[in-house]
Amino acid sequence: MPEDIQFLARAALRIPGARTAFKWVTSRWGEGRVYTISSGPMQGLRWRRENRFPYWYHTGRYEPEISAMIAATLRPGDTFWDIGAHAGYHTLQGARAVGPSGWVLAVEPDPSVCRSLREQLALNDLTRVTVMEAAVSDTGGRAHLVVRAADDTRGSALDTVRNPAIRNSMGVRLEVPSTTLNDLATRYPPPQLLKMDIEGSEAAALRAGGQLWAGGRRPQRILLSCHGQQVRAFCQALLLEQEYRIESHPPLKGTFLAEDARAALAHAQD
């Protein structure tokens, strides 16, 4: 089974030196080739392979649990925010799911990665997507992004992150625009699903949610990737205070789903 193959590959990559060897082998071919994804929620979408990005992108087997959660949540006409969109793997899935009557906001701070994101969208004729080139944290303005030079996924994190789970002490420093969830909430339609994976800035971003938690601006569901147990505990406590219900999904590991308890109660009373 494809899932079994991926599980075994991930386990093997924990062996010292295995990740470097895997990257070397898988980057020997395929650069620039356009693949049609043949399985999973991404089936039928096209992906132009770049060897600097995760190998699993073009196979359609990247983060399968998160892909399944997105597929189970989004419906035609929905609004989807993909915060920390990277090269657009989940953005593409979300854009197809919400269809021409829906809309997607994809936020990614790395200019080089944003160029690839836009190329993948164009390749699939997905036009109902707004790409914002910015970091999301607790302040707007400008920020410094550290792109990890030795990373095999073109990973990056803000230099203000102090988290042992995040490697941001070495790499290429880029000055990028920054924004907050409060600013996004005042500028864009509220999402049925907000997915956020922002490499250690998740606690800061939620603290600056502001209007995101107000009335009709509230996301119905939040799919949040947390880096480290302390950050996960903080984010869950904050969302509980904002009257979200935390759903446990063990296979998601550092990612959890939060559902707006207010909306669920109102729906149950109708």
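The values are calculated or read from the model by the stated rules, or taken from the named source; none is laboratory data. Keep in mind the model is a prediction, meaning the values are calculated, not measured. Note that we place each Cβ from the backbone using ideal geometry, even for glycine, and neighbour counts take in every protein chain shown.
Go over the candidates Asp125, Asp159, Asp138 one by one and state the one that is without any contact (Cβ under 8 Å) to a residue 24 or more places away in the chain, under 25 Å from Phe234 (Cα atoms) and of a type outside the set (Phe, Trp, Tyr).
The match here is Asp159.
Taking the range 97-150 as the search range and keeping residues that are within 18 Å of Ile166 (Cα to Cα) and among the charged types (D, E, K, R), which one is surrounded by the fewest Cβ atoms within 10 Å (Cβ to Cβ)?
Asp138
Quick one: is Ala11 at pLDDT below 90 and closer than 24 Å to Phe256 by Cα?
Here the answer is yes, as Ala11 does meet what is asked.
What's the total number of residues in the range 182-205 that are assigned to a helix (DSSP H, G or I) and either crowded, with 24+ Cβ neighbours inside 10 Å or among the small types (Gly, Ala, Ser) (or both)?
6
Any residue that is in contact with a Pro (Cβ under 6 Å, 6 or more places away or on another chain) and within 19 Å of Asp78 (Cβ to Cβ) - is there at least one of those in the range 180-191?
Yes - at least one qualifying residue is present in the range 180-191.
Answer yes if at least one residue in the range 233-254 is touching a helix residue (DSSP H, G or I) at 6+ places or on another chain (Cβ under 7 Å), under 26 Å from Ser112 (Cα atoms) and either touching a residue at least 40 places away in the same chain (Cβ under 8 Å) or surrounded by fewer than 20 Cβ atoms within 10 Å (Cβ to Cβ) (or both), and no otherwise.
For the range 233-254, residues touching a helix residue (DSSP H, G or I) at 6+ places or on another chain (Cβ under 7 Å), under 26 Å from Ser112 (Cα atoms) and either touching a residue at least 40 places away in the same chain (Cβ under 8 Å) or surrounded by fewer than 20 Cβ atoms within 10 Å (Cβ to Cβ) (or both): absent.
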